[in-house]
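The values are calculated or read from the model by the stated rules, or taken from the named source; none is laboratory data. Bear in mind the structure is a predicted one, so any value in this text is a computation, not a measurement. Glycine also receives a Cβ, built like all others from the backbone with ideal geometry; neighbour counts cover every protein chain displayed. Quick note on the areas: whole protein, heavy atoms, side chains included, nothing else; ligands and nucleic acids left out. Shrake-Rupley method; radii C 1.70, N 1.55, O 1.52, S 1.80 Å.
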Amino acid sequence: MAEITRISSKLPKSEVSIFTVMSKMAVDHNAINLSQGFPNFETDKELKNLVTQAMKEGYNQYPPANGVHELRQEISKKIEGLSGVAYDPVSEVTVTSGATEALFCAISAFVEKGDEVIVFKPAYDTYEPTILLNGGKPVQIQLKGKEYKIDWEEVKEAITSRTKMLIINTPHNPTGTILSEADMKELESLLQGTDILLLSDEVYEHLIFDGEEHQSASKFPKLAERAIVCSSFGKTFHNTGWKTGYCVAPEPLMKEIRKIHELTTFSVNHPMQRAYAEYLKNPEHYLQLAHFYQQKRDFFLDLIRDSKFSFTPSKGTYFQLLNFEKITTENDVIFAERLVKKHNLASIPVSVFNIDRKDHHQLRFCFAKTGDTLKKAAEILCSF
Ligand code: PMP
Ligand code: GLN
């Protein structure tokens with residue numbers, strides 16, 4: 001075969017995602033996998049039956065490009081119930097192939113060459129490559145201290161005439177922190193009078209602990225008018241492999257996002273959409289998740305309380321950061337590798353999400369696992 005000698009990469013600095021790397025290592029070393037964020041327990045049987053039923057009923061061809069109407073209606077009702085704001089299912093809700101696609105479409109629809117996009121670090125790994133792919137420039141702002149707080153003065157200073165978008169993520173991956181109502185109000189006043197768009201990644205919206213309330217951008221009218229809010233059924237309903245999510249935004253913004261959505265996937269798997277539409281009719285299915293995951297967090301943390309790892313309990317998501325500085329001075333990538341290869345426990349080194357890959361001796365562990373798996377993982381952690 002003739003060899004192509006000159007290939008110019010559009011993303012020369014991008015590497016294989018850490019999630020792929022660590023999950024592969026977990027398989028190769030027959031390790032307990034608390035790295036990539038997915039549950040190791042089954043999704044609800046009722047939901048699986050609804051998918052089977054939809055397939056049997058013949059919902060096996062392309063659904064409408066923007067999503068099955070009944071599902072868009074249920075998404076709109078869910079948001080209205082939680083945030084008190086009504087998105088029009090026809091023009092303001094789009095079902096996507098996971099939140100990943102929603103984020104990609106939202107950035108690609110608006111970010112042009114030379115545009116700046118404010119990103120808080122540590123940040124989920126798809127934001128910056130997507131900005132770069134569109135010719136934009138990520139403007140990184142470090143979250144501060146152990147609580148990973150936003151310094152709003154710093155944000156104010158980072159805003160320029162080229163700022164096109166600002167990306168927030170609450171509850172936050174990888175740190176497990178959340179934005180408060182006061183944070184959202186700061187953001188509201190900062191963005192008022194500008195044309196800056198807000199991309200709000202809320203895939204862990206239902207996984208929030210200790211009685212805290214999720215502060216969705218949709219709840220704040222002055223934010224909602226400029227916000228694209230993304231969420232993930234995979235994260236919410238324990239079926240990340242079904243790759244179904246959605247985004248909501250005011251109609252003029254959604255119109256542009258849909259142009260990109262049509263080019264990336266056109267439409268999203270049909271039977272799953274039918275099933276989610278039915279399943280969402282019972283709000284208990286998502287309202288009980290905070291309690292469910294808080295119990296898992298507490299179970300895991302109680303088991304490792306006397307270990308050498310230190311931590312601040314996660315406030316949301318299904319991730320827990322553990323600090324290992326009392327154990328070793330190794331870099332987090334090296335320690336994560338040793339942990340999986342020698343001790344058979346896979347985690348995610350947090351430095352990959354940080355500015356200049358700065359290492360703070362922290363690993364991220366996913367606690368969306370059965371009690372048995374968490375116990376085995378805790379035994380390994382306590383052996384240090
Ligand atoms: N944003 C964040 C913060 C995530 O952790 C993930 C991973 N689930 C996504 C977006 C992508 O979600 P999905 O799996 O629905 O594509
Ligand atoms: N969001 C998941 C995590 O943070 C992984 C998603 C992926 O594998 N791309 O672990």
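Assorted remarks:
- Those helices (runs of 4 or more DSSP H) lying entirely in region 274-348 with at least 3 residues over 23 Å from the mean Cα position of the chain (by Cα): 289-304, 332-343
- Pick from region 150-186, criterion over 17 Å from L197 (Cβ atoms) and without any contact (Cβ under 8 Å) to a residue 12 or more places away in the chain, ranking: most open to solvent (accessible area, probe 1.4 Å): E157
- The residues listed here are S189, S232; of these, the one that is more than 16 Å from ligand 2 (Cβ to nearest atom) and small (G, A, S) is S189.
- Within region 161-186, tally of residues that are more than 16 Å from ligand 2 (Cβ to nearest atom) and among the hydroxyl-bearing types (S, T, Y): 3
- When the test is whether a residue is under 27 Å from L321 (Cα atoms), in contact (Cβ under 8 Å) with a residue 60 or more places away in the chain and within 16 Å of the chain's Cα centre (by Cα), A106 does not pass it.
Matching residues to (1) within 22 Å of L143 (Cα to Cα); (2) within 16 Å of ligand 1 (Cβ to nearest atom); (3) touching a helix residue (DSSP H, G or I) at 6+ places or on another chain (Cβ under 9 Å):
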position	(1), (2), (3)
D306	no, no, yes
T312	yes, no, no
Y318	yes, yes, yes
F324	yes, no, yes
N331	yes, no, yes
R338	no, no, no
N344	no, no, yes
N354	yes, yes, no
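- Among the residues of region 342-362, at least one is at pLDDT below 95 and of a type in the set (K, R).
- Filtered by the rule that a residue be in contact (Cβ under 8 Å) with a residue 60 or more places away in the chain and either part of a strand (DSSP E or B) or within 13 Å of ligand 2 (Cβ to nearest atom) (or both), region 215-228 gives a lone residue, I228.
- Tallying residues that are within 17 Å of the chain's Cα centre (by Cα) and in a loop (DSSP other than H, G, I, E, B) within region 350-377 yields 3.
- From T100, T130, T94, residue being open to solvent by 40 Å² or more (accessible area, probe 1.4 Å), within 16 Å of ligand 1 (Cβ to nearest atom) and at pLDDT 95 or above: T100
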